[in-house]
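First the structure, in the form of structure tokens, and then the observations on it.
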Amino acid sequence: RSVATQICTSQVIISAAGAVRQLLDNAMDAKAKNIEVNTLNFGIDSIRVSDDGTGIEERNFDSLCKRHATSKITEYDDLLALSTLGFRGEALNALCALGSVTITTRTADKDVATRLHFDHSGVIEKREAVPMEMGTTVEVRSLFTTLPVRRKEFERSAKRDFHKVVGVVQEFALATPSVRFNVYSELATVGRRYHALSTPGGDASLSQVITELFGGSEAKNEVIEIHSDETTMEGGGLEEGQVDEETVKEAREMRLDGFVSSPLHDNGRTSSERQFVYVNGRPVDYPKVCRAVNEIYQVHNRRQYPTLVLKITMPAEWVDVNVTPDKRLVFCQKERALLYSIRSTITAAFKPYEN
Ligand code: ADP
């Protein structure tokens with residue numbers, strides 16, 4: 001099978017949040033420093049992502065939304081190498097098939113932006129010059145209208161699921177504090193525009209982003225900073241003899257950085273919605289990792305879920321990424337060492353709070 005079909009079979013957009021994730025990935029790849037997400041009626045009528053990145057070169061316009069337009073992967077081997085960065089391909093083509101897409105873009109060498117209107121097969125229907133700063137805006141109107149059953153379900157669930165759109169943006173914002181994110185939600189019926197999320201960007205620290213996103217309640221020492229280091233790599237919540245030398249050695253080749261709720265803080269949260277795990281810079285779903293942290297936290301704090309922002313760094317060859325971008329499941333070949341490292345680091349961070 002070609003690389004293109006391997007990618008294409010894994011490419012699915014099943015929700016507004018999924019569409020936003022693809023568009024944010026592209027904006028990040030274009031080295032944007034400011035990214036704005038605008039939704040109209042929770043995304044039912046429009047989802048618009050604007051960035052101030054490099055823009056798209058005119059010579060790429062025609063192929064942009066065609067199938068297999070990705071410029072990022074050429075060989076199957078690259079897919080494996082890309083396992084830490086993730087890969088997509090065909091997101092724009094998929095969005096064209098699902099709704100009405102317009103892309104407005106301007107590169108540094110142009111005085112004016114070009115707006116491209118695409119049909120459902122990804123062919124440019126209309127092209128016009130419009131004023132805009134450097135960067136790219138992708139708008140998807142009427143998402144899923146080409147799939148009537150899914151559209152009906154989307155119209156029913158969009159409001160209830162809007163927090164997932166915000167969650168996706170939170171995930172990117174926590175991964176990259178230097179990028180400024182804003183989310184605006186507009187409701188046509190009431191004619192109001194809500195500012196649903198904002199981060200400072202620039203030289204903001206991860207801790208400032210956490211405060212912005214989760215409010216003052218997470219400030220004031222209610223989350224504590226965690227870093228793995230050699231000295232905490234002892235015990236790991238295990239009895240002596242339960243962990244072998246090899247595991248400890250591997251654990252020392254991993255780095256953990258981030259924040260977790262202080263064990264003294266009663267956050268009352270009964271779900272894991274504020275838990276974000278990254279492996280080598282990519283956001284992932286890693287239930288075992290969250291469970292390991294929850295277990296330590298819950299010993300201290302009954303049945304609540306800690307806020308968790310955990311950035312894991314390890315050699316790329318230790319990570320297998322399940323090739324479904326929407327699921328984002330990963331498997332770490334050195335999972336024992338990873339869980340050991342997590343237990344050691346969190347247990348050490350909680351120590352000062354004991355008794
Ligand atoms: P992929 O991102 O995997 O290449 P996409 O269909 O999402 O596939 O995008 C196709 C191409 O369009 C990208 O490779 C990139 O060159 C270009 N592109 C898409 N969005 C942007 C953006 N926001 N800024 C600059 N270039 C973009």
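Remark: for residue pairs Lys31/Lys126; Lys31/Lys334; Lys33/Lys66; Lys31/Lys110; Lys164/Lys334, the C-alpha separation exceeds 20 Å in Lys31/Lys126; Lys31/Lys334; Lys33/Lys66; Lys164/Lys334. Annotation: segment 101-162 has a Kirkwood hydrodynamic radius of 13.5 angstrom, from the mean reciprocal C-alpha pair distance. For Lys110, Lys31, the sequence from fewest to most other C-beta atoms within 10 Å is Lys31, Lys110.
Expressed as a whole number of Å, what is the distance separating the alpha-carbon centroids of segment 275-306 and segment 139-194? With segment 139-194 and segment 275-306 each reduced to a Cα centre, they are spaced 25 Å. Extension gain for the segment Met28 to Lys66, taken as residue separation times 0.36 nm less the Cα-Cα distance, is 11.6 nm to one decimal. The calculated FRET efficiency for the pair Lys159 and Glu253, based on their C-beta separation and a Förster distance of 41 Å, comes to about 0.35.
Report the calculated FRET efficiency for His300 and Glu133 (r = Cβ-Cβ distance, R0 = 56 Å), to the nearest 0.05.
0.70
Every read-out reported here was derived from the displayed coordinates using simple, explicitly stated rules and does not represent laboratory data. All values derive from a computational prediction rather than experimental measurement. In this analysis, Cβ positions are derived from the backbone assuming ideal geometry, glycine residues included, and neighbour counts consider all displayed protein chains.
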